[in-house]
Structures are given as structure tokens and as C-alpha cells.
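Okay, so here's the structure we're looking at.
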Amino acid sequence: MLIIGELINSSRKAVAEAIEKQDAETIQKLAGDQAEAGADFIDVNAGTFVGKESQYLKWLVTNVQEVTDRPCAIDSPDPEAIQVALEIHKGIPLINSISLEKERYDSLLPILAGTDFKVIALCMSDAGMPESVEDRLKIADQLVNGLIQNNVKTENIFVDPLVQPVSVNKTFGMEFLNAVEEIMKRFEGIHTVCGLSNISYGLPARKFLNRCFMTMAISRGLDAAIMNPLDQQMMAAVAGAEALAGKDDFCMNYLKAFRAGNFAD
Ligand code: THG
């Protein structure tokens, strides 16, 4: 499982405050802690700061890269903000994300074309949020084909079928899971990713539900996630599910997670 640490996100109060005060120490601690806990990418998101998002995103990338060699997942719906952050990012970033929304698609595609950047292809279009498997697959098909035609390698594409709350519609969990399985079957070598905490919106014991959903998604082929790597029980659930799904040679990662103390109660 490729782990994208979610904690540097301005929708979190402490992070918004740190950004406003330009408190590098708080951001750098979050970056270092997530890297140490096993994050492969550090997500950076300053989306709540309208008008200042580009400036703040750039500041986040700079500060994160001072303390860890893990690359960033540059998380913004605004192609201009992504481009500004890219100018100073070192190494190979993950662009979070392109979608089929026309403006976003048209301005991000030339930035991605022919590069080795990794990219999240979010199953969203100008028609809004997809609900069924078919909605998601139609969008995924167009996004993946467009990227491949522009010389983005299949193995650098992470399709996000978009998780929606099961409290809103009882079918939303299964629609997502079926989409993951179908996408992994349809495009050889591709990846699937999600920010899975949306599944539990509006319900109690969210962390518990998120972990349940993670194990189900892994069994259907999900191989990347935007998540909190400091949640030890989530990390344990990932290691357990991957071993059980036959994704962990000799259960090496499972054993490593055990030795790291992720199974302590
Ligand atoms: N898809 C893609 N990108 C995304 C999302 C997605 N980026 C934003 C979001 N959804 C994923 N990021 C977050 C970041 C923080 C939280 C949730 C989603 C969050 N964290 C808890 C908190 O602040 O209380 C802490 C973590 C925990 O509870 O374990 O809420 O869907 N492509």
C-alpha cells in the first residue's frame, strides 16, 4: 500500500493556524512524524485560503522538503496553485488531482504530458459527483485514456473513484468497492487511491468504520490511500489486510508492523 499522509491539510484547525502564523515548526513536525510512521508521500493542502492558496502551498512544500526526502502530494483543485508549488518541488511529486472537470482537465494535462509525475485521476466531472459504478468507470476511462495519449505511464496513474458517505446512501460503500475492482481489472498496471474517511461522515466511531472500510477496499485491490499514518490501528489493519490478501511476501510487512508495536492496545 502506498501511503499518502493526510495531516497537513488546512481544513484541520491546528494546521490552518500554523499556516497563518507561518509556524514552520508545527508543519515540519507533522511532516517528519508522518514520514517516520511510514508515509510514502506527504499531502499538502492549503485549500481553505482563498486568494492565498498558491503562496501557502509553496510555503508548505518548502518546509516539508527541509525535513524529509519523501515527495509531496500536491493537493489542490486549482491548476495554477499546483503549478506554483511544482516550480519549487524537488523530486517526483504526486499531483492531487486531475479530474474530468473541463477547466481543470485542460490546464493540468499539458503540465503532466510526457512527465514522470505521479497523478491522481479523480472520478469527477462537470456533471458533479458520480454515484454508480458505471458513472465512475465512464469518467475513469476518459481520464486514463487522455493521460496515456499524453504520454503519462499507466503505472504513474492513481484513479480515485471518490468515496461518498454510506450514511447518505447505503449503496455508496459497495459502489466504490466495485469500482475499485473493475478499474484494477480494466487497466493493467494502474493504481487506485482514495481519501477513505468520507465513508464514515455523519456516523459515530469514524476511525473504526474507516478501518473496516480499508480492509474491504484492500481485498478488492485498492493499493494506495490518503490517510493518517499516525493512526497505529489503521496501520495495523492495512498490514493485516495486505498479508491476508496475498500482497505481502512472507508476511514481511505484517511482521514489521508487529515489531513496530502497531498492534499494542
Ligand atoms: N481524494 C483525493 N484527495 C483528497 C481527498 C479525497 N484530499 C483531501 C481529503 N479527501 C483527504 N484528506 C483528509 C485530511 C484530513 C482528514 C480527512 C481527510 C481528517 N483528519 C482527522 C482530523 O483532522 O481529525 C485526523 C485523522 C484521523 O481521524 O485519523 O479529518 O477523497 N484525491
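The values are calculated or read from the model by the stated rules, or taken from the named source; none is laboratory data. Note that the structure is predicted; figures quoted are calculated from it, not measured. Neighbour counts run over all protein chains shown; Cβ positions are idealised from the backbone, glycine included. Note: accessible area is taken over every heavy atom of the protein model, side chains too, but ligands, DNA and RNA are not part of it. Shrake-Rupley method; radii C 1.70, N 1.55, O 1.52, S 1.80 Å.
Is it true that Leu222 is free of Cβ contacts under 8 Å to residues at least 40 places away in the same chain and either under 15 Å from Ile3 (Cα atoms) or away from the ligand (no atom under 16 Å from the Cβ) (or both)? Walk me through it before giving the result.
Numbers: free of Cβ contacts under 8 Å to residues at least 40 places away in the same chain: no; either under 15 Å from Ile3 (Cα atoms) or away from the ligand (no atom under 16 Å from the Cβ) (or both): yes.
Taking the combined requirement at face value, the residue does not satisfy it.
Within region 182-210, how many residues are under 23 Å from Ala243 (Cα atoms) and surrounded by fewer than 18 Cβ atoms within 10 Å (Cβ to Cβ)?
Let us first name the residues in region 182-210 that are under 23 Å from Ala243 (Cα atoms), namely 182-185, 188-197, 207-210.
From what is left, the residues that are surrounded by fewer than 18 Cβ atoms within 10 Å (Cβ to Cβ) are 185, 188-189, 207-208.
Here the count works out to 5.
Please enumerate the residues belonging to region 128-150 that are under 20 Å from Glu103 (Cα atoms), open to solvent by 10 Å² or more (accessible area, probe 1.4 Å) and either of a type in the set (Phe, Trp, Tyr) or modelled with pLDDT of 95 or more (or both).
Lys138, Ile139, Asp141, Gln142, Asn145, Ile148, Gln149, Asn150 - these are the residues of region 128-150 that are under 20 Å from Glu103 (Cα atoms), open to solvent by 10 Å² or more (accessible area, probe 1.4 Å) and either of a type in the set (Phe, Trp, Tyr) or modelled with pLDDT of 95 or more (or both).
Among the listed residues Gly91, Gly47, Gly51, which satisfies the condition of being part of a loop (DSSP other than H, G, I, E, B), surrounded by fewer than 22 Cβ atoms within 10 Å (Cβ to Cβ), of a type in the set (Gly, Ala, Ser) and within 13 Å of the ligand (Cβ to nearest atom)?
On the way: Gly91 fails: within 13 Å of the ligand (Cβ to nearest atom); Gly51 fails: within 13 Å of the ligand (Cβ to nearest atom).
Only one candidate passes the filter, namely Gly47.
Between Phe176, Phe213, which is surrounded by 20 or more Cβ atoms within 10 Å (Cβ to Cβ), within 12 Å of the ligand (Cβ to nearest atom) and under 25 Å from Asp141 (Cα atoms)? Break it down into steps so the answer makes sense when it comes.
Details: Phe213 fails: within 12 Å of the ligand (Cβ to nearest atom).
Testing whether each residue is surrounded by 20 or more Cβ atoms within 10 Å (Cβ to Cβ), within 12 Å of the ligand (Cβ to nearest atom) and under 25 Å from Asp141 (Cα atoms) leaves just Phe176.
Name the residue, out of Leu203, Leu244, Leu196, that is under 29 Å from Thr115 (Cβ atoms), aliphatic (A, V, I, L, M) and free of Cβ contacts under 8 Å to residues at least 40 places away in the same chain. Reasoning before the result, please.
Values: Leu203 fails: under 29 Å from Thr115 (Cβ atoms); Leu244 fails: under 29 Å from Thr115 (Cβ atoms).
Unique residue meeting the criteria: Leu196.
Does region 241-255 include one or more residues that are open to solvent by 70 Å² or more (accessible area, probe 1.4 Å) and touching a Gly at 6+ places or on another chain (Cβ under 7 Å)?
Yes: region 241-255 contains one or more residues that are open to solvent by 70 Å² or more (accessible area, probe 1.4 Å) and touching a Gly at 6+ places or on another chain (Cβ under 7 Å).
Only one residue in Ala35, Ala18, Ala31, Ala24 is at negative phi and touching a Lys or Arg at 6+ places or on another chain (Cβ under 7 Å), so which one is that?
Values: Ala18 fails: touching a Lys or Arg at 6+ places or on another chain (Cβ under 7 Å); Ala31 fails: touching a Lys or Arg at 6+ places or on another chain (Cβ under 7 Å); Ala24 fails: touching a Lys or Arg at 6+ places or on another chain (Cβ under 7 Å).
Testing whether each residue is at negative phi and touching a Lys or Arg at 6+ places or on another chain (Cβ under 7 Å) leaves just Ala35.
It is to be established whether one or more residues within region 103-120 are assigned to a helix (DSSP H, G or I), of a type in the set (S, T, N, Q) and surrounded by fewer than 15 Cβ atoms within 10 Å (Cβ to Cβ).
Step one: filter region 103-120 for residues assigned to a helix (DSSP H, G or I), giving 103-112.
Add one more test, that the residue is of a type in the set (S, T, N, Q), and what stays is 107.
This time we only want the ones that are surrounded by fewer than 15 Cβ atoms within 10 Å (Cβ to Cβ), so: none.
No - not one qualifying residue is present in region 103-120.
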